[in-house]
1. For residue A:344, only one of the following conditions fails: (1) more than 9 Å from every other protein chain (Cβ to nearest Cβ); (2) assigned to a strand (DSSP E or B). What is its number?
2. Restricting the first residue to the stretch A:416-429 and requiring it to be more than 18 Å from residue A:392 (Cβ to Cβ) and at the interface with chain B (Cβ under 9 Å from one of its Cβ atoms), which pairs with a second residue that is among the hydrophobic types (A, V, I, L, M, F, W, C) and in a helix (DSSP H, G or I) meet a Cβ separation below 7 Å and a spacing of at least six or different chains?
3. So, in the stretch B:214-237, how many residues would count as being β-branched (Val, Ile, Thr), surrounded by fewer than 16 Cβ atoms within 10 Å (Cβ to Cβ) and over 30 Å from residue A:388 (Cβ atoms)?
4. Could you check residue A:312 against (1) within 14 Å of chain B (Cβ to nearest Cβ); (2) surrounded by 18 or more Cβ atoms within 10 Å (Cβ to Cβ); (3) free of Cβ contacts under 8 Å to residues at least 24 places away in the same chain and say which number it fails?
5. From A:257, A:193, which residue is assigned by TED's automatic domain parsing to the domain that holds residue A:448, part of a loop (DSSP other than H, G, I, E, B), surrounded by fewer than 18 Cβ atoms within 10 Å (Cβ to Cβ) and of a type outside the set (Val, Ile, Thr)?
6. Within the stretch A:322-351, work out how many residues are over 17 Å from residue A:461 (Cα atoms) and of a type in the set (Val, Ile, Thr).
7. Pull out all pairs, ordered by first then second residue, where Cβ-Cβ is under 7 Å, the residues are six or more apart or on different chains, the first lies in the stretch A:373-391 and is at the interface with chain B (Cβ under 7 Å from one of its Cβ atoms) and surrounded by fewer than 19 Cβ atoms within 10 Å (Cβ to Cβ), and the second is outside any helix (DSSP H, G or I) and among the polar types (S, T, N, Q).
8. Among the listed residues A:447, A:478, identify the single one that is among the hydroxyl-bearing types (Ser, Thr, Tyr), surrounded by 19 or more Cβ atoms within 10 Å (Cβ to Cβ) and not in a strand (DSSP E or B).
Amino acid sequence: MPDHILRMRGITKEFPGVRALDDVNFDVERGTVHALVGENGAGKSTLMKVLSGVYPHGTYEGEILLDSRPCAFKGLRHSEAAGIVIIHQELALVPGMSIAENVFLGNERSRRGVIDWHATSEETVRLLEKVGLREDPDTQVSGLGVGKQQLVEIAKALAKDVRLLILDEPTAALNEADSENLLRLLRDLRDHGITSILISHKLNEVMAVADAITILRDGRTIETLPVADGIDEDRVIRGMVGRDLDHRYPPRTPEIGEVLFEIEGWNVFHPTVPDRQVVRDVSLAVRRGEIVGIAGLMGAGRTELAMSVFGRSYGTRISGTVRKDGRELHLATVGDAIAAGLAYVTEDRKELGLLLDEDIRRNITLASLHRVSRRSVIDLHREVADAEGFVDRMRIKAPGVFAKTGNLSGGNQQKVVLSKWVYTNPDVLILDEPTRGIDVGAKYEIYSIIQRLAAEGKGVLLISSELPELLGMCDRIYVMNQGRITGEIGRREATQEAVMRLMTNTQAVAR
Amino acid sequence: MTLVDRPATASASSGGAAGPRLRGNLRQYGMIAALVVIVVLFEILTDGILLKPLNVTNLIMQNGYVLVLAIGMMLVIINREIDLSVGSVAAFVGALTGVAIVNWGLPWPLVVLGALITGGLIGAFQGFWVAYARIPSFIVTLGGMLLFRGLSMVVLQGQSIAPFPTGFRQLGSGFVPEVGGSDLHLVTILLGLAAAALIVWNDWRSRARRREYGLAVTPMLWFALKAVAIVVVIGAFTWVLAVYQGLPVVGLVVIVLTVGYSFVTTSTVMGRHIYAVGGNERAAALSGIATKKTKLLVFVNMGVLAALAGLMFAARLNAATPKAGTNFELDAIAAAFIGGASASGGVGSVVGAIVGGLVMGVMNNGMSLLGLGVDWQQAIKGGVLMLAVAFDVYNKNKAK
């Protein structure tokens, strides 16, 4: 008889017009790490909001049993009091406060409203030790990296005497080393009796750390699998998409032409920290019809390289040459870069890519308004017609081109950003993490789009932190490490191990 | 077919596109409906005085300068900035105008031109600090508010300057010239007819263009109903003005500005850039938009409109006074927010600003007609502002 800490029975949650959860059952055994997977929109977040009381008792059907006792949470505070803490993808820390202040935020160690700083610091030290973070409790959170901030969040959860910890995409913004560290911590916590629910798109992590996996699809529970022999990633993916994905990457025969785009001797310094060089003597080339990857850990300088090339959008004291078709380009502004046939699809689509309040149409045409206007007057009808063409061809799932981009799913938002840049009719596309936080089905579609662009004779530079993606998509991979290119690997020689070695090899940097 | 080809035929999704678009329009219609409700309410409460020709003319003249400011303020707020200095700038430009026309005896058309340029320069000065030096506009324009109020007093040495020549006063209290001697104001009627015809024709042409691109068009019945509604509303408005002294110059200025700025914001590259910079400045910059230049231009524009408002106010008062324009900035900001602007930028429309300004204006006028004291008027207006914005925020959250 398994010992269940949590049982959710027959949960049904409806929004006007949609049934987000349909008779979902979800059982979690005590002292395990239980993964919850499914495509975007499968209902994972909704289920966790039901569990944590964000959707209070009475707004859904079904029952929640915590330690076999029925619960009726009225809000987050209520569920936290019962020992359920949820850590969201977007961290909920106050950047201007210290670690200690954040750890006890809303849960202050105080006597009659006066904070007991002594107890606060002391307990923070103890909690930080537990999560393996060696920092002074008085350190301001804004000075910490994302990985360390994640650990502070967990310490904060521990301060609330958490029994059931829910992590929503905890490693989405972390590099490999920090991710591993976090997953190790989850196993540690499990050994100390804390049960975790892990929501993640990264199946390799799920397979590495979870004891059981529950798959949701279209608001229903599909199955719960033990992580054991015979269960591999492909098996889980099959459950998530409801079909066999023989190939996670579309088949392609590359047709590679002459050199299209070259960067030579590129150097960039940090915009505010003087003498900190973030890109060092980088040279690379992209041929027509070629998909070239840039691998590297977070902070290796990949995004900085791309942004500094794209109209000097990042950094100072930039030097080096950029050539297209053998002719040197002078790209002082983003406008110059667009006019020269460059496109840069940003890493963070919400912060840097989209106008979330605007509709799909206005987002798609934003970077190429000259194409739909004459003497600065926009032809609104032509604009709509062009945008609808993209909604069709890119298979953007939306009620129409007047739908607000803020209401679309991550995959569809990414397709809007891609459409915007394809519409500028570029020759060279730089794609920065184009599939981050996107479900498996949408990823496949984005890969197809990238391949179609290459087949049209465009050059594609693909920056990605997911090694399988780089290996599956690219004809050639450059590896960056601490601002330098530490290696170049062709499609045939490329293996995860070979790339990883170059990503982490410090000797190659010292070269 | 390459990815960038334009589709030659209708796309499947165009049918579904009408839904969210209509919903977006409904919000605007909701604002107009609220205005209609307020007008009807006061029409009943004042026993029909509100819509008497004389009072409608008064309404336009009393609110013209706030509407002009509201248009500029709407653009500033869409750009995710604020301008607290417009009242003081209006006073300062009015003061300079008074000195130039009355004391120095310069020809008034020249002075008007100079005043508008001065306003633009003041806007550029403040816009520079906001856009290029990255000082928050709240601080810059708070400084501007004090600076230009002070300078107005310096220029006028604390005194009022009067009177202005007749030609200049037309800008505040004049009417569109009349031809013939009938009881009805013929030019006003003609202007009204022309406006109605222009709007309906424009709508018709837009339908044809949509069909050309293979887009879904609104049903004929809907089009016809809309056309009839437009003709009736414009006709009634024209008639009311024509039986009195015709369309005030102030009204003409406001209408021309509304149409012009609506066009700029909805149909030009510049307008699109203003929304983009306000909605997400970094994304706009990475899309090749000159964000700083856009911000600067929005402030230059605000300065010009503030100067125009100052001229209109001085002309109506027939005097330049150091106290002119007090609290205008607050009226303009309130009008923009009642009219659907968002404090987080990127959202709002010129028509919204006008509707918001009219809501405030009609309430002012209606409550005065009812004999309500200024104390209660202020309190009630404050409440309406909060309610309007709360309603808007509630609607937006519900839409999510």
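1. The single condition residue A:344 does not satisfy is (1).
2. A:424/A:338; A:424/A:367
3. Going through the stretch B:214-237 one residue at a time, the tally reaches 3.
4. (2)
5. Numbers: A:193 fails: assigned by TED's automatic domain parsing to the domain that holds residue A:448.
Testing whether each residue is assigned by TED's automatic domain parsing to the domain that holds residue A:448, part of a loop (DSSP other than H, G, I, E, B), surrounded by fewer than 18 Cβ atoms within 10 Å (Cβ to Cβ) and of a type outside the set (Val, Ile, Thr) leaves just A:257.
6. So the count comes out to 2.
7. Once the first residue is at the interface with chain B (Cβ under 7 Å from one of its Cβ atoms) and surrounded by fewer than 19 Cβ atoms within 10 Å (Cβ to Cβ) and sits in the stretch A:373-391, its partners that are outside any helix (DSSP H, G or I) and among the polar types (S, T, N, Q) give A:376/B:268; A:377/B:268.
8. Details: A:478 fails: not in a strand (DSSP E or B).
Result of the check over A:447, A:478: A:447.
The values are calculated or read from the model by the stated rules, or taken from the named source; none is laboratory data. Everything numeric here is computed off the predicted structure, so don't read it as measured data. Virtual Cβ from ideal backbone geometry, glycine too; neighbours counted across all protein chains shown.
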